[in-house]
Amino acid sequence: MTAKKVAKKRAATRKKPEPSLFEMLEDSLIGQPFVIANKVFLASLGLISTIGTEFSNKFDEFVKDGEVVRDKYQKSFTKLQKDVVKQASTAKDRVIETIEPRTAE
């Protein structure tokens, strides 16, 4: 029998990635505006996310409140509508009662 030679695998040596231009300038006077701009950008993303979540919750509350108000005023409007129809019908009947005897002559 022949023995097989097993090749030892070398551990892959990873090269340290070269730093980006931003990383090189991050701590310098030139890089500070970029750092600040990045923080402002991230803060605005967080704010937009928070507003979206809060608005979604508040929007549902506003819808519920609107439904309550609509129902309240719809009942009032229906009552007003019935009162107006009743008054118009009464006025029409009075007009007819007044005109009929005069036209019969």
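Taking θ as phi - 60° and the Karplus parameters 6.51, -1.76 and 1.60, the scalar couplings of the stretch 68-81 work out to 5, 5, 4, 4, 4, 6, 5, 5, 4, 5, 4, 5, 4, 4 Hz in sequence order, x denoting glycine and proline. Considering only the Cα atoms of the chain, their convex hull presents on average a projected area of 24.4 nm².
Any read-out appearing in this document is the output of simple, stated calculations on the displayed coordinates, not a laboratory observation. Computed from a predicted model, the values in this text were never measured in an experiment.
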